Structures are given as structure tokens and as C-alpha cells.
Amino acid sequence: MALTYTWSIPAVESSTATGGITTIHWVCTGVDGDHSSINYGTVGCTPDPSASDFIAYANVTEANAIAWAQGALDKDSIEANIKVDVENQKAPTSASGQPWAA
């Protein structure tokens with residue numbers, strides 16, 4: 001199977017004074033068959049209500065928030081780290097346990 005990535009936004013925080021989003025909580029999940037890895041974090045935003053491209057909280061879509069988060073992050077690096085983790089799950093390079101208990 002091929003590794004697929006899904007970006008989602010479980011929550012955002014906003015300023016009641018400006019109506020703009022101030023923090024985006026993001027999650028990136030990579031799945032390849034039975035193997036998966038997740039990376040998550042937050043991105044701070046500085047909304048400017050006077051900007052021509054300002055979108056008020058009530059009108060923000062998840063696609064907007066994903067684009068803003070990805071624009072502030074190194075998306076390729078995040079997905080590359082997930083890929084390494086999934087590949088290590090598929091072909092482990094180390095193991096642990098109790099050989100006498102096997």
C-alpha cells in the first residue's frame with residue numbers, strides 16, 4: 001500500500017476582540033496498511049482584521065486552517081518524519097523483550 005497523509009484541525013483558539021484565530025491545533029496522520037504514525041502541534045497566528053484577506057472566526061473553514069498551519073510549518077519535514085516512523089514499523093531495526101520468555 002501507499003502511505004497516505006491526512007491533516008486535520010481538532011481545535012482553534014480565537015480572539016473575541018478581533019474575531020481572528022490566534023492558535024491552530026493541528027494533527028498530521030500517516031497510514032500505510034496496518035502501520036500509522038501521528039504528529040501534532042500548534043501554530044500561533046496574528047490576525048489582522050484590517051487585512052484584505054482576513055477571515056473572521058465564524059467564516060473560517062478547516063481547509064483555511066490547514067493551509068495556514070501548513071504555511072507556518074515545514075510540511076515536507078513533518079510528512080518525512082512520519083514516513084520514517086511508518087517504515088521503521090514495517091521493517092524494525094531493533095527489538096526488545098525477554099529472549100528466555102519466548
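When you restrict to C-alpha pairs under 8 Å that are six or more residues apart and normalise by the size of the chain, the relative contact order lands at 26 percent.
Note on the chain: with a GNM built from Cα contacts shorter than 10 Å, the maximum mean-square fluctuation among Asn81, Asn59, Asn39 falls on Asn59. Each of Glu62, Glu79 was scored by other Cβ atoms within 10 Å of its Cβ. Listed from fewest to most, they are Glu62, Glu79. Sorting Trp100, Trp7, Trp26 from the fewest to the most surrounding beta carbons within 10 angstrom yields Trp100, Trp7, Trp26.
Separation of region 1-26 and region 38-102, taken as the distance between their Cα centroids, equals 10 angstrom.
Of the labelled figures [x] 14.6; [y] 9.1; [z] 7.1, only one reflects mean projected area of the Cα convex hull in nm² as derived from the coordinates, namely [y]. Karplus-derived 3J(HN,Hα) values for region 82-97, using 6.51 cos²θ - 1.76 cosθ + 1.60 with θ = phi - 60°, are 5, 4, 4, 4, 5, 4, 5, 5, 6, 9, x, 9, 8, 8, 9, x Hz; glycine and proline are entered as x.
Every read-out reported here was derived from the displayed coordinates using simple, explicitly stated rules and does not represent laboratory data. Since the model is a prediction, treat every value here as computed from it, not as a measurement. As a convention, Cβ positions derive from the backbone with ideal geometry for all residues, glycine included, and neighbour counts pool all protein chains shown.
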